[in-house]
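Here's the structure, in structure tokens; my notes come after.
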């Protein structure tokens, strides 16, 4: 039987990996991005949604690695002037260092209508505040029917619940990081 972890159990495991075993958090992020990238076809455009937290950092790392492999990549943000912290801020600097830019849509439905290829959902992970509202909810609704790879868990799902509590990304594939969470048992 595969264990399903709560959000707190996963946070504790990450903390133990970083603090107890000395694994740099950036290494965890890079490995997560590489593993997720392996779940996507090797070619075609990618539309990466990068949220404000560590899940957004995972998304930015994936965007950079895909660009380095020659992929056409667009990074979309919830905020026209995103301000990342910690590893996500470093991933943002690495992305812009490659010439990458950030796009913001005031009308996600119109933006998503022009998407070709896969969408990478890096909006929210373990720290999701539910239910989603504002631009995050608009993106969830805009991506209905799109081919989506969710990073760790689909945005809008509560990692500690087997029941959705509101609108959530309907991912085609999900790259679960570390361990499966309770929401993966849906």
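The values are calculated or read from the model by the stated rules, or taken from the named source; none is laboratory data. In this text the structure is predicted, and so the values were computed from the model without any measurement. Counting neighbours? That spans all protein chains shown, and the Cβs are built from the backbone with ideal geometry, glycine included.
Summed over the range 148-167, the residues that are buried (at least 17 other Cβ atoms within 10 Å of the Cβ) and more than 13 Å from the chain's Cα centre (by Cα) give a count of 3.
Residue 23 meets all of the listed conditions (1) in contact with a helix residue (DSSP H, G or I) (Cβ under 7 Å, 6 or more places away or on another chain); (2) surrounded by 15 or more Cβ atoms within 10 Å (Cβ to Cβ); (3) more than 17 Å from residue 151 (Cα to Cα); (4) modelled with pLDDT under 95 but one, namely (2).
Of all the listed residues (64, 103), the sole one being touching a helix residue (DSSP H, G or I) at 6+ places or on another chain (Cβ under 8 Å), surrounded by fewer than 17 Cβ atoms within 10 Å (Cβ to Cβ) and either on the phi > 0 side of the Ramachandran plot or not in a loop (DSSP other than H, G, I, E, B) (or both) is 103.
One residue stands out in the range 37-61 among those that are surrounded by fewer than 20 Cβ atoms within 10 Å (Cβ to Cβ) and without any contact (Cβ under 8 Å) to a residue 60 or more places away in the chain: the one that is nearest to residue 169 (Cα to Cα), namely 52. Residues in the range 37-57: is at least one closer than 28 Å to residue 160 by Cα, modelled with pLDDT of 95 or more, assigned to a helix (DSSP H, G or I) and touching a strand residue (DSSP E or B) at 6+ places or on another chain (Cβ under 7 Å)? Within the range 37-57 (the criterion being closer than 28 Å to residue 160 by Cα, modelled with pLDDT of 95 or more, assigned to a helix (DSSP H, G or I) and touching a strand residue (DSSP E or B) at 6+ places or on another chain (Cβ under 7 Å)), the answer is yes, since at least one residue qualifies. Residues that are over 17 Å from residue 8 (Cα atoms), assigned to a loop (DSSP other than H, G, I, E, B), out of contact with any strand residue (DSSP E or B) (no Cβ under 8 Å at 6 or more places or on another chain) and touching a residue at least 60 places away in the same chain (Cβ under 8 Å) within the range 114-160 comprise just one, 116.
What tally of residues in the range 67-93 results from selecting those that are crowded, with 18+ Cβ neighbours inside 10 Å and outside any loop (DSSP other than H, G, I, E, B)? The qualifying residues number 10. Residue pairs whose Cβ atoms lie under 9 Å apart, sitting 6 or more positions apart in sequence or on different chains, and linking a residue in the range 15-27 that is under 19 Å from residue 90 (Cβ atoms) to a partner that is at pLDDT 90 or above and surrounded by fewer than 13 Cβ atoms within 10 Å (Cβ to Cβ), are 18/24.
So if I check each of 75, 119, which one is in contact with a helix residue (DSSP H, G or I) (Cβ under 6 Å, 6 or more places away or on another chain) and within 13 Å of residue 48 (Cα to Cα)? First the steps, then the outcome.
Numbers: 119 fails: in contact with a helix residue (DSSP H, G or I) (Cβ under 6 Å, 6 or more places away or on another chain).
Testing whether each residue is in contact with a helix residue (DSSP H, G or I) (Cβ under 6 Å, 6 or more places away or on another chain) and within 13 Å of residue 48 (Cα to Cα) leaves just 75.
When the range 94-106 is filtered for residues that are more than 15 Å from residue 57 (Cα to Cα) and in contact (Cβ under 8 Å) with a residue 24 or more places away in the chain, the ones remaining, listed by number, are 98, 103, 104, 105.
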